[in-house]
Amino acid sequence: MQDLKQLYNAVLEGNAKAAKTVTEQALAEGTDPQTLVTKYMIPAMDEVGRRFEANEYFVPELLIAARAMKTALQILAPLLAAKGVEPIARVAIGTVKGDLHDIGKNLVSAMLEGGGFEIIDLGVDVTPEKFLAAVNEKKANIVALSALLTTTMPMMKNTIESLKSAGVRQQVKVMIGGAPVTQKYADEIGADGYSDNASSAVTLARKLVAK
Amino acid sequence: MQPMTSRERLRRCYFNEELDRPGVYSRTGFPSSDSTYDRLKAYLQTHADLKRGWRGRAFESPAPTEQSVEMHTEDFDRQMTILHTPAGDLRFTYLLSRKGQPGLSETYFIKSREDAEAYLSLPMPGVAGDVSSFFKADGEMGDRGIVDVGLGVNPAGFVAELCGSETFAMLTITDRDIIHALCERQMNVILNNLRFLLERKVGPYFSMAGEEFIVPPLHGPRDFWEFNVKYDKPIADLIHEAGGRLHIHCHGSIKSVFKGFLDIGADVLHPFEAPPMGDITPMEAKEMARGKLCLEGNIQIAAMYEHTPEQVRHETQSLIKTGFNDHKGMIVSPSASPYIRGKGEDCFEQYKAMINAVLERQI
């Protein structure tokens, strides 16, 4: 019988090959795919996040853990879909219009995906209209806005205003982040939450969907 | 104390000697063709201590590349560069703003270990040329300041740029040996170039950037020492052996790696940013730098656009009180160049307030 703790360790250590092997063996032995995700993979990514916040892990460790998680998820995703398992929520994420920085956005995406969220990655230089379309057409429950420049931060406000104008603001939670962004700014523009790093973004997203 | 010329003041900053007042300087990467900054440029020219950049890496034989540009969107063009190596072509694409805004590297030369090996197959560039423009620039600068010999991006930062931050991060775990090989190659490229300059008496003020690719929270202290310190230190040592000084520009959360800059042998460090952009207060920076390193900074650039002149004046006074209590090692400066297109007039009074607060500190 496969020791499923090995899956936890494979994700935590960023060993994609081991994550794939253990996942395949566990499935062959009849283990429930959802169990693999909720009891081993998500807790492993939570530990990655904890270590990141504690300055024990940095971006390389975070990225490589997310890659291992993704490798296993690619095997599990069709099985989960067939069983009707829904993600915690769908997150439409992007760097706002006028801003081309994507590292922070990509890290948050990786951690959210590792945390059980479905990611709709809209990329960089994303217009308010594209965020709105993701809410309307792809049923995003959360809109996550990233900006690195103080000059592009106002586009976060514009995006929220667009969601309001389109009458969908109450359907979604809006979270924002990026180096110059603060909780004060989030409060000023009417965002539902602010996170200062990729790991706490997962905690924030979970809180927002639990409300 | 007799008032110093800007040239003497900056020399003393770089050599950590007693000053009549802090230096005051602004980086000059203004938005191109933006006349709203003309008044600020003129003011800095007459009131700030000046540093004029001189490209110290312009003498390397260029890599064999081809470039083409195509329209990407109404806002951006896509610029493709193909680098021909003996082991095959490498491609890099860049989105170039059609409206004068910052661009974005889209794909990178090195996407895998195989690409890295291809890059390593390139022959080392030769170094040749006429450096007389340095001495001309230095003569023109006279007592108004110094000429800063730019060495470009440091070895590890250069490798991070070749790979892109994410691929670089992954390779530092999966293929650490190849990252070391790339850093070592680039260190030798810079050392060859530097020897060429030093033999021709160019100097003594050199600058380097790029360490910021390998600082927290992107990379941990271990990577900072293994990639930045290891490959920067021989460059700093060579500069020091020739009686020169090294300025390093590095954004990020530098508190936990501050000692690493001392280990490199940096003589001036810009910037030192408090939260939310960084993690180090002026007091913490000064305590670690005292007697060893000149701090250049740190009025956050956003303050120049968002705070009132009076706020900037207070911020500058507070900075001087903390960072200049030994009358050494301080150049007051914003954290970055003025960068917002069309907003030159909006920040003029703030720059003036910063400079006046420094000028008032004349001993």
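List of remarks:
- Among the candidates A:N158, A:N136, A:N141, A:N197, residue that is surrounded by fewer than 22 Cβ atoms within 10 Å (Cβ to Cβ) and within 12 Å of chain B (Cβ to nearest Cβ): A:N197
- Members of segment A:181-194 found to be part of a helix (DSSP H, G or I) and surrounded by fewer than 16 Cβ atoms within 10 Å (Cβ to Cβ), listed by number: A:Q183, A:K184, A:D187, A:E188
- Subset of segment B:321-343 [over 22 Å from the mean Cα position of the chain (by Cα) and away from chain A (no Cβ under 14 Å)]: B:K321, B:T322, B:F324, B:N325, B:D326, B:H327
- Among the conditions (1) assigned to a strand (DSSP E or B); (2) of a type outside the set (F, W, Y); (3) surrounded by fewer than 23 Cβ atoms within 10 Å (Cβ to Cβ), the only one that B:E296 does not satisfy is (3).
- Which listed residue is surrounded by 14 or more Cβ atoms within 10 Å (Cβ to Cβ), touching a residue at least 12 places away in the same chain (Cβ under 8 Å), more than 25 Å from the chain's Cα centre (by Cα) and more than 30 Å from B:I239 (Cα to Cα), from B:D34, B:D77: B:D77
- Segment A:172-189, subset under 19 Å from A:K97 (Cβ atoms) and β-branched (V, I, T), residue farthest from the other protein chains (Cβ to nearest Cβ): A:V172
- On inspection, B:M4 qualifies as surrounded by 13 or more Cβ atoms within 10 Å (Cβ to Cβ) and over 20 Å from B:T316 (Cα atoms).
- Any hit, segment B:275-285, residues being closer than 21 Å to B:L359 by Cα and not polar (S, T, N, Q): yes
- Residues of segment B:258-293 that are within 16 Å of the chain's Cα centre (by Cα), part of a loop (DSSP other than H, G, I, E, B) and away from every other protein chain (no Cβ under 14 Å): B:G265, B:A266, B:D267, B:F272, B:L293.
- Neighbours by Cβ (under 8 Å, 6+ apart or cross-chain): first from segment B:1-15, under 13 Å from B:P204 (Cβ atoms); second in a helix (DSSP H, G or I) and among the hydrophobic types (A, V, I, L, M, F, W, C): B:R7/B:M141
- Conditions (1) in contact with a Leu (Cβ under 6 Å, 6 or more places away or on another chain); (2) crowded, with 24+ Cβ neighbours inside 10 Å; (3) not hydrophobic (A, V, I, L, M, F, W, C); number of the one not met by B:P282: (2)
- Residue satisfying all of: in segment B:299-310; in contact (Cβ under 8 Å) with a residue 12 or more places away in the chain and in a helix (DSSP H, G or I); surrounded by the fewest Cβ atoms within 10 Å (Cβ to Cβ) among these: B:E310
Values quoted throughout were computed directly from the atomic coordinates according to the rules given, and no laboratory measurement underlies them. Every value quoted in this text rests on a predicted model; they were computed, and no experiment measured them. Positions of Cβ are backbone-derived with ideal geometry, glycine not excepted, and every protein chain shown enters the neighbour counts.
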